[in-house]
Amino acid sequence: MNTADRLAAIRARVDATARSAGRDPRSVELLAVSKLQPPAQIREAYAAGHRAFGENYAQELRDKAVALADLPGLMWHAIGALQRNKIQYVARVATAFHALDGLELAEALSARRVDHPLGPLDVYLEVNVADAPTKHGIPASLAPAMVDRVRTLPGLRVRGLMCMPPLDLESPEQSRPWFAALRALAARCDLSGLSMGTTGDFEVAIEEGATIVRVGRSIFGERPAPA
Ligand SMILES: *Cc1c(COP(=O)(O)O)cnc(C)c1O
């Protein structure tokens, strides 16, 4: 199968899972995670009609945005932890940021998106749902206050919450408590967006209410190792 076929197969699984969960398939967005994949792969998915792509690394995002600047309507979602000195790479080109984990970062991003041609940056707060010491994200207990603060920033639009269960889980079912907890927390924060689910567990995530799933390997194949 080529990239276009794999993309269509994943979209079909997203739609089928949504329907069997009693949801409208249009309520689940598919983000194609293209990190570490060459721009040619993105062109192929774009030619097949796909528009939303996820990148983890700020410099790689910057470089790919230049390499693919000829593709109208392409939307970049930054999904990885962001260091302060690379904020401008994301602020310049992204339509969404899924790994917001601090107020200072939020303020710096907001400042760069006021009066920006792309408008406010859509953000998802990354939550460390189980308060695992090794994970990125803010503790769940701090999320509601942080959401309230970020909502006041003019350059950002708070869309929802994001989580990334541990990578060493043995089955997709093991992600379910993480996803359910994120959904409950989002409800408490009066947020409807849930960025959750990857190749390994996106179907469980949709059953638990995901509004955007971040799928890489099953669309683009295995990734080359980071440089
Ligand atoms: C790499 C990555 C994904 C995609 O993972 P796959 O296993 O390739 O589907 C999703 N979200 C984040 C934050 C990632 O870093």
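Points to keep in mind about this one:
- Of all the listed residues (Glu44, Glu55, Glu60), the sole one being within 20 Å of Leu125 (Cβ to Cβ) and of a type in the set (Asp, Glu) is Glu55.
- One residue stands out in the range 103-129 among those that are in a loop (DSSP other than H, G, I, E, B) and crowded, with 16+ Cβ neighbours inside 10 Å: the one that is modelled with the highest pLDDT, namely Pro120.
- Residue that is exposed (fewer than 14 other Cβ atoms within 10 Å of the Cβ) and closer than 30 Å to Gln83 by Cα, where the choices are Ala58, Ala40, Ala32: Ala40
- Across the range 202-215, the number of residues qualifying as over 17 Å from Phe53 (Cα atoms) and surrounded by fewer than 24 Cβ atoms within 10 Å (Cβ to Cβ) comes to 5.
- Taking first residues from the range 17-43 that are under 18 Å from Ile79 (Cα atoms) and modelled with pLDDT of 95 or more and partners that are among the hydrophobic types (A, V, I, L, M, F, W, C) and exposed (fewer than 13 other Cβ atoms within 10 Å of the Cβ), the Cβ contacts under 9 Å between residues at least 6 apart in sequence or on separate chains come to Leu36/Ala225; Leu36/Ala227.
- From the list Gly54, Gly80, Gly73, the lone residue that is at positive phi and at pLDDT 95 or above is Gly73.
- Filter result for Pro139 (surrounded by 12 or more Cβ atoms within 10 Å (Cβ to Cβ) and free of Cβ contacts under 8 Å to residues at least 24 places away in the same chain): yes
- Those residues of the range 67-85 which are more than 15 Å from the chain's Cα centre (by Cα) and within 16 Å of the ligand (Cβ to nearest atom), in sequence order: Gln83
- Residues satisfying the criterion are absent from the range 62-72 (criterion: closer than 19 Å to Arg6 by Cβ and in contact with a helix residue (DSSP H, G or I) (Cβ under 9 Å, 6 or more places away or on another chain)).
- Only residues that are of a type outside the set (A, V, I, L, M, F, W, C), away from the ligand (no atom under 14 Å from the Cβ) and either touching a Cys at 6+ places or on another chain (Cβ under 7 Å) or in a helix (DSSP H, G or I) (or both) were counted in the range 16-56, giving 10.
- Residue list for the range 75-89, filter: closer than 22 Å to Gly197 by Cα and not in a strand (DSSP E or B): Ile79, Gly80, Ala81, Leu82
The values are calculated or read from the model by the stated rules, or taken from the named source; none is laboratory data. Predicted, not measured: the structure shown is a model, and the values here were computed from it. No Cβ is skipped: glycine too gets one built from the backbone with ideal geometry, and neighbour counts run over all protein chains shown.
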